[in-house]
Every structure is written in C-alpha cells, then in structure tokens.
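Engineer: Here it is, the structure, as structure tokens.
The values are calculated or read from the model by the stated rules, or taken from the named source; none is laboratory data. Just so it is clear, the model here is predicted, and its values are computed rather than measured. When we count neighbours, we look across all protein chains shown, and the Cβ atoms used for this are built from the backbone with ideal geometry, even at glycine.
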Amino acid sequence: MIKVGDKIPSVKLKHMTAEGIKDITTDEIFKGKKVVLFALPGAFTPTCSAKHLPGFVQKSAELKAKGVDTIACLSVNDAFVMNAWGKDQKVEDKVLMLADGNGDFTRAIDLEMDGSGYGLGKRSRRYAMVVQDGVVKTLNVENPGAFEVSSAEAILKTL
C-alpha cells in the first residue's frame, strides 16, 4: 500500500469538462500543488453521498484557506457517473471529480477492495490523503465499513 513519503504513481484518469470527457494525468493533478485526494467505494452510495463528498464540498473554503490548491474525489466509476454525481451533490468547481474507471490508479497505490459480495466488483477503499508536489504527506485509510479518519474534518486537523 502507498505510504507517507511515497510519490504518487503516474497514471491517467478521466474527468468531465465542458468539451466532454478528457484524460488527466496524476502529474497534471499533483505537480507543484498541495492536493487533498479522497476516494470512496462508489458514487451515489449511502455513506459516500450522505457524508464523505458533502463534507469536502462544505469544507472546501476552509481547506483552500489552509493552502490546498485542489480537492479531488476519486472513485472506480466512469466519468459520466462521476459528473452526474457531482451535479447531484452541487459540487460546482469546489471538488475535482476523478474517474478511475478501470481501477488503474487504485491498483497502483494498492488500495483496491473487492466489493463483489455486494455486487460492486473491484472498487477503491475509502481514504483521504494530502499530497504535496506529488509526494504523500498524510494518508488516512478507513477500516472496512468505517467513516472516521477520511472526512474533511479529519483532514483539516492534519493541515
């Protein structure tokens, strides 16, 4: 599993723009920036929709006031789903919605979980990290079924 002090691997993700779906590399996201990246098992799922994403939307100004350049949400979903979820959650430009549709990034950092028993297939574990210029400074990974250390409030305390 990726750990504090590790460099973020170079992987291509997808995101929705005004021109449609575009590739975005992890280098583009993290190079020369302070980024809070949080990941979750799935868009539109209960804890993710009721607590995790809304917390980062609500706390976005506080996070930016602490020097965060980008707040990014990642899920092993496609860019269409991430875009629709972002609209549903009124994310606007507060959180960059990243699609790791094939799970390439999630596997590269070894934070994949098997949700097959719930009909989810391979997904991301729930976590949040602070990354400075491509290097992990804080990594808070949840135990299965928990939502305690990856919240916006928990990340704010680390900044």
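Engineer: Please work out which residue is farthest from G67 (Cα to Cα), limiting yourself to segment 145-159 and to residues that are in a loop (DSSP other than H, G, I, E, B) and without any contact (Cβ under 8 Å) to a residue 24 or more places away in the chain.
Structural biologist: Looking only at segment 145-159, we keep the residues that are in a loop (DSSP other than H, G, I, E, B), and these are 145-151, 159.
When the remaining residues are screened for being without any contact (Cβ under 8 Å) to a residue 24 or more places away in the chain, the result is 145-146, 148-149.
Details: G145: 30, A146: 28, E148: 23, V149: 20 Å.
Filtering first and then ranking leaves G145.
Engineer: Just a yes or no: is a residue in segment 130-144 touching a residue at least 24 places away in the same chain (Cβ under 8 Å), among the small types (G, A, S) and either in contact with a Pro (Cβ under 7 Å, 6 or more places away or on another chain) or not in a loop (DSSP other than H, G, I, E, B) (or both)?
Structural biologist: First, pick out the residues of segment 130-144 that are touching a residue at least 24 places away in the same chain (Cβ under 8 Å): 130-139, 141, 144.
The next check asks that each one be among the small types (G, A, S); those that pass are 134.
With either in contact with a Pro (Cβ under 7 Å, 6 or more places away or on another chain) or not in a loop (DSSP other than H, G, I, E, B) (or both) added as a condition, the list becomes none.
The answer is no; no qualifying residue exists.
Engineer: While we're looking at this one, here's another question. Checking I2 against (1) at pLDDT 95 or above; (2) surrounded by 14 or more Cβ atoms within 10 Å (Cβ to Cβ); (3) farther than 18 Å from L111 by Cβ, which single condition isn't satisfied?
Structural biologist: Unmet for I2, out of (1) at pLDDT 95 or above; (2) surrounded by 14 or more Cβ atoms within 10 Å (Cβ to Cβ); (3) farther than 18 Å from L111 by Cβ: (3).
Engineer: Those residues that are surrounded by fewer than 18 Cβ atoms within 10 Å (Cβ to Cβ) and either among the aromatic types (F, W, Y) or touching a strand residue (DSSP E or B) at 6+ places or on another chain (Cβ under 8 Å) (or both), I need them from segment 34-63; list them, please.
Structural biologist: F44, T47
Engineer: Among (1) at pLDDT 95 or above; (2) out of contact with any Ser or Thr (no Cβ under 6 Å at 6 or more places or on another chain); (3) loosely packed, with under 15 Cβ neighbours inside 10 Å, which single condition is K12 missing?
Structural biologist: K12 satisfies every listed condition except (2).
Engineer: A further question follows. Out of segment 95-128, which residues are surrounded by fewer than 18 Cβ atoms within 10 Å (Cβ to Cβ) and among the basic types (K, R)?
Structural biologist: Result: R107, K122.
Engineer: Any idea which of (1) in contact (Cβ under 8 Å) with a residue 12 or more places away in the chain; (2) small (G, A, S); (3) farther than 26 Å from K3 by Cβ is the one S75 doesn't satisfy?
Structural biologist: (3)
Engineer: Out of the residues in segment 102-124 that are assigned to a loop (DSSP other than H, G, I, E, B) and at pLDDT below 95, state the one that is farthest from F30 (Cα to Cα). Break it down stepwise before answering.
Structural biologist: Restricting attention to segment 102-124, the residues satisfying the condition of being assigned to a loop (DSSP other than H, G, I, E, B) are 102-103, 109-111, 115, 119-121.
Checking which are at pLDDT below 95 leaves us with 115, 119-121.
On the way: G115: 28, G119: 32, L120: 28, G121: 28 Å.
In this case the residue turns out to be G119.
Engineer: Looking at segment 65-95 only, could you name the residues that are farther than 16 Å from K34 by Cβ, among the small types (G, A, S) and touching a strand residue (DSSP E or B) at 6+ places or on another chain (Cβ under 7 Å)?
Structural biologist: Once the filter is applied, which keeps residues that are farther than 16 Å from K34 by Cβ, among the small types (G, A, S) and touching a strand residue (DSSP E or B) at 6+ places or on another chain (Cβ under 7 Å), segment 65-95 yields S75, A79, G86.
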